[in-house]
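Here is the structure we will look at, set down as structure tokens.
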């Protein structure tokens, strides 16, 4: 058994059907996430970060190369993953609890068990909702929640089926700085408690440095990994670390590499 949970081996991808030599959205990607690891991907707009996410979930199959997740080649959509995006995309007619439980109505084996285990699943959802500070909001509709509350519910929905892998695409980008930092800590605590694997796509270098074990910098299209930075700040981390010289030095290093990408 490999010590890696996610492996990209010489992966390239084009959206031009029938083309095997490009133009590529991402090209020659070699990438690895250790089991239980947390990695962040940063880079300019259009560098292929969203393509990377689609490939990781099996929604797209690479034009070239191989993707292995949990020691198995990826050949189609994966039920072991959960996703959250910048927009919470909660269904407006469903309560917080109903939105969080939605994957259990869709993903097997939970879908087949919903009738017999509905109360068990409901209790699981309530505990998860409480763990992100939404106790008392279970019966509220999305319009009754703030943006930060909606994003908390979205993260709960991504985790309710206990996925082994959580993919986050700019999940906090639309939030104010204080709410964003609060959700950093919620995500930090959930990851520490549950040990799922995380791939975070973000433009926020502070966010990447604070949350991740490793940060990968991608080039302009076709997206290639041009820099890998191990974040050697000790865990558990709290927001005080973001004011230290060690933290700001890492952010500055990443910013320098992003600057080189933009100038290229």
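The values are calculated or read from the model by the stated rules, or taken from the named source; none is laboratory data. These numbers come from a predicted model, not from an experiment. Cβ atoms come from the backbone with ideal geometry, glycine included; neighbour counts cover every protein chain shown.
Some values worked out for this structure:
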{"item": "Within the stretch 144-158, considering residues that are part of a helix (DSSP H, G or I) and over 14 Å from the mean Cα position of the chain (by Cα), the one surrounded by the fewest Cβ atoms within 10 Å (Cβ to Cβ)", "result": "144"}
{"item": "Selected residue [outside any strand (DSSP E or B), in contact (Cβ under 8 Å) with a residue 24 or more places away in the chain, farther than 20 Å from residue 7 by Cβ and out of contact with any strand residue (DSSP E or B) (no Cβ under 6 Å at 6 or more places or on another chain)] from 236, 171", "result": "236"}
{"item": "Filtered residue count, the stretch 90-112, keeping only those that are within 21 Å of the chain's Cα centre (by Cα), touching a residue at least 40 places away in the same chain (Cβ under 8 Å) and loosely packed, with under 14 Cβ neighbours inside 10 Å", "result": "1"}
{"item": "Hits in the stretch 205-233 (condition: out of contact with any helix residue (DSSP H, G or I) (no Cβ under 9 Å at 6 or more places or on another chain) and in a loop (DSSP other than H, G, I, E, B))", "result": "212, 213, 221, 222, 224"}
{"item": "Pairs, first at positive phi and touching a residue at least 24 places away in the same chain (Cβ under 8 Å) in the stretch 10-26, second in a loop (DSSP other than H, G, I, E, B) and surrounded by 11 or more Cβ atoms within 10 Å (Cβ to Cβ), C-beta under 6 Å, six or more apart", "result": "22/14"}
{"item": "Checking residue 238 against (1) surrounded by 17 or more Cβ atoms within 10 Å (Cβ to Cβ); (2) over 21 Å from residue 32 (Cβ atoms); (3) modelled with pLDDT of 95 or more, the condition it does not meet", "result": "(1)"}
